[in-house]
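Each value in this text was obtained by applying a stated rule to the coordinates, not by laboratory testing. Quantities reported herein were computed from a predicted structural model and do not represent experimental measurements. All Cβ positions, glycine included, derive from the backbone under ideal geometry; neighbour counts span all protein chains shown.
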Amino acid sequence: MPLRLPLTQEQPRAALAQRLRDELLTTAGDLYTAEDERLRCVACAHRCLIARDAAGACGVRFNHSGVLRVPFGYVARRYLRAIETNTVFHVRPGARALTFGMYGCDLRCPYCHNHRISQALRDGADDEQPCSISAQALVEEALAQGARVLCAAYNEPMISAEWTRHVFELARANGLRTALISDGHTTPEALRYMRPHTDVFRVDLKAHTEASYKKLGGRLQPVLDGIARARALGFWVEVVTLVVPGINHDQRTLAEVGGYLRDISPEIPWHLNGFVPRYRLAASQPTCSLLPTPAAGAAYVEGSKFVYVGNVAACKELAHTRCPECHTVLIRRHDYRTIGATLRDGACSSCAAPLPGLWT
Ligand code: SF4
C-alpha cells in the first residue's frame, strides 16, 4: 500500500513526493535514532529531527509512524560512462563505470548540473520518473555492459545510504569497485556505515567559508571533517572544487581551499573544474580560463602532489597525471578520457616512485 501524503497545490512536487513515499520505493532506515516521537536522522550533517509524518530537509527520508522510511529499490537515472567523467582519476583509469542517481539532496546549489533530480522535490520538476530496480539487476547490468566500477552520483548518495550500501555490497562481491560521488556534507556515522562496502569517496569542496556554504544550504566544517575522516577510514578520496564566479572564484579563496586539503594530506588529488552556466546561474559567465590554472600552479608550489584542471579548454595539459618525483607524464587524458597510461604496478615507469590510488 502506498504511504499517503496530503496533496498540496503544488501538484507536480506533491505527486513526486507521494510517489517516492510508496512503500515499494522505500524501506526502514538504519541511520537514525528515536527521540520521543521524533526521529534524529544521521545520514548527513543536517542531523534533522523529524516529527511524525514529516520529512527531513532532503525531502526523501521521512518519519512514518515512528519509523524512518528511506529511499530503496529504484534509480532516477543511470548511465554507462568512463570513470573519469565522475572526476575520479586515480581509480582504474579508463574503466567503464555504471553511475546511478536518485532524487533529492541535502544541499541546494544554484548551479547544480543535476537539478532535475536533485532539486525535483523543491522545484516541482516532473519530467523524470523513478525506475524500480533490484540491486541484483543493477549489478548484473553493470557487469553485462563491461563496467568495472559502480558509482552513486547525480544527487547526494548519502541521503539514500541504505540503498547505496545494499547495491555496493553486491557490486563488491562481484569484483566491482564502488564509489560515492558526494557533496561530503556528512557524518561519522554515515561514513562508518558505508565504508565496509565502499572504495571511493569523491567529494565536492565547494567553498572556503561557512558563509559561502550557508548559501548552498550546508556547512563547511562537516565537509572538511568528512574528508579527513574518510581518509582515516581507508576510503580512496579525491576532491573537486567547481570554480564558480561569485562563490569561490578568486585566487585567495582557491589558495585557502588548497591549504585545507594539504593539511589533511598533500596526496589527495584536487580537481579544479570550470563552471558551465546552468540552472539558477544560467545567465552567469563561464569560468574564465585564467582562474584555475594559476591556482593549480600555486597549489603545486605549496606542496600538493596531484592537481588537475578540467572543463577549461586552454588548460588541457593539467588533465594528465605526473609522477610527483620525476614529473614524467604517466596517465594522459583528453576530455575526461584516459588516452594512454604507462604506470607499472601502481608506480612510475621512469623512476619507480609509487603513486597513490586504486589502480587495479
Ligand atoms: S539525510 Fe540529511 S537532510 Fe535528509 S533527513 Fe537525514 S539529516 Fe535530514
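List the lysines whose Cα lies under 23 Å from the Cα of LYS305, skipping any in the same chain that are fewer than 8 positions away.
Partners within reach: LYS206, LYS316.
If you take every DSSP beta bridge whose two residues both sit in the chain, what share of them, in percent to the nearest 5, is antiparallel? List each step's numbers first, then the result.
Details: 29 of 56 bridges.
Bridges in the chain are about 50 percent antiparallel.
Within the range 176-198, whose backbone N sits under 18 Å from a point 7 Å along Cα→Cβ of ARG96?
Under cut-off, by backbone N: 176-179.
Once the mean 1/r over all distinct Cα pairs of the chain is inverted, what Kirkwood radius in angstroms do you read off? Working shown, then result.
On the way: mean 1/r = 0.0479 Å⁻¹.
By the Kirkwood definition, the hydrodynamic radius is 20.9 Å.
Quick one: putting +1 on the C-beta of Lys and Arg, -1 on the C-beta of Asp and Glu, what dipole do you get for the range 35-90 around its Cα centre, in Debye to the nearest 20?
Values: 9 positive and 5 negative charges, 41 e Å.
For the range 35-90, the charge dipole is close to 200 debye.
Please compute the modelled spin-label separation between LYS316 and ARG195, points set 7 Å along Cα→Cβ, answer in nm with one decimal.
4.2 nm
Residue separation times 0.36 nm, minus the C-alpha to C-alpha distance between LEU24 and LEU143: what's the value? The partial results should precede the final answer.
Numbers: separation 119, 0.36 × 119 = 42.84 nm, distance 2.52 nm.
Length difference between fully extended and current span is 40.3 nm.
Indicate, rounded to the nearest 5 percent, the antiparallel portion of the DSSP beta bridges found entirely in the range 181-331. Walk me through the numbers on the way to the answer.
Values: 2 of 18 bridges.
Around 10 percent antiparallel, to the nearest 5.
Counting only the backbone N, which residues of the range 97-131 are under 16 Å from the spot 7 Å out from the Cα of ALA14 toward its beta-carbon?
Label zone hits: 121-126.
Rounding to the nearest 20 debye, state how big the charge dipole of the chain is about its Cα centre with +1 on each Lys and Arg Cβ and -1 on each Asp and Glu Cβ. If you can, show how the numbers build up before the last one.
On the way: 42 positive and 35 negative charges, 73 e Å.
That gives a dipole near 360 debye.
If I model a spin label as a point 7 Å beyond the Cα along the Cα-Cβ vector, how far apart are those points for LEU233 and THR342 in nm?
Those two pseudo-labels are separated by 3.8 nm.
Can you tell me the dipole magnitude for the range 65-155 around its Cα centre, using point charges on the Cβ only (Lys, Arg +1; Asp, Glu -1), in Debye to the nearest 20? Before the final figure, lay out the partial values.
Details: 10 positive and 8 negative charges, 47 e Å.
My answer is approximately 220 debye.
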